[in-house]
Amino acid sequence: MRQMDNLTKEQRRKNMQHIRAKDTGIEVKLRKALWNKGYHYRKNYDKLPGKPDIALTKYKVAIFCDSEFFHGKDWEVLKPRLEKSNNSQYWISKISRNREHDDEINKRLLFEGWTVIRFWGKDILDNVDECVKVVEEAVWDLTIIT
């Protein structure tokens with residue numbers, strides 16, 4: 001049985017148009033927390049593959065703030081749910097490609113000597129201090145090595 005969308009196609013289209021690619025709430029929250037700790041960074045750094053949401057260029061740390069839906073968190077659970085939804089092939093294909101793209105970007109950045117950190121949006125919203133600690137530990141590890 002297919003689950004029906006409560007919105008019309010036009011309402012869904014308008015909703016999707018308003019999803020931001022840059023300066024999302026999760027990015028802003030993490031950036032503010034890092035700035036308050038004294039970290040200087042680049043936003044959506046286009047000199048790197050994947051344009052990391054936050055790039056600590058001094059330490060070569062690339063940070064991505066990923067939304068759970070579009071980046072396929074708990075894919076084994078999400079995918080079967082999507083199979084029952086409207087436009088299921090489109091969403092399964094799109095999210096699968098996003099996941100593959102994320103892996104490709106991670107590999108390219110690692111190859112170029114960058115440390116890659118990916119946070120789920122909910123983790124940033126629920127506990128930004130823990131996310132900052134993860135970044136600080138990565139920076140600490142990098143400064144000890146050099």
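Taken together, the values in this text are just the output of simple stated rules run on the coordinates, not laboratory data. As the structure is a computational prediction, the values presented were derived from the model and not from experiment. Positions of Cβ are backbone-derived with ideal geometry, glycine not excepted, and every protein chain shown enters the neighbour counts.
Return a whole-number percent for the relative contact order of the stretch 22-145, with Cα pairs under 8 Å and 6 or more residues apart as the contact set.
Here the relative contact order equals 30 percent.
Using a Förster distance of 30 angstrom, determine the FRET efficiency expected from the C-beta separation of Asn127 and Phe70, and round it to 0.05. The partial results should precede the final answer.
Details: r = 21 Å, r/R0 = 0.70.
After rounding, the FRET efficiency stands at 0.90.
For Glu137 and Thr24, calculate 0.36 nm times their separation in residues minus their Cα-Cα distance, and state this gained length in nm to one decimal.
Computed gain between Glu137 and Thr24 is 38.2 nm.
Considering every pair of different Cα atoms, what Kirkwood radius, in Å, is found for the stretch 89-146?
13.5
I need the Kirkwood Rh of the stretch 22-145: take the reciprocal of the average 1/r across all distinct C-alpha pairs and report it in angstrom.
15.4
Given the pairs Lys60/Lys107; Lys32/Lys73; Lys73/Lys133; Lys58/Lys122; Lys37/Lys58, which span a C-alpha to C-alpha distance of over 18 angstrom in this model?
From Lys60/Lys107; Lys32/Lys73; Lys73/Lys133; Lys58/Lys122; Lys37/Lys58, over 18 Å: Lys32/Lys73; Lys73/Lys133; Lys58/Lys122.
Any idea what the dipole of the stretch 62-146 comes to, in debye rounded to 20, about its Cα centre with Lys/Arg Cβ at +1 and Asp/Glu Cβ at -1?
Rounded to the nearest 20 debye, it is 520 debye.
With the cut-off at 1.5 for a/c, could you classify the stretch 30-70 from its C-alpha gyration tensor as rounded, prolate or oblate?
In terms of gyration-tensor shape, oblate.
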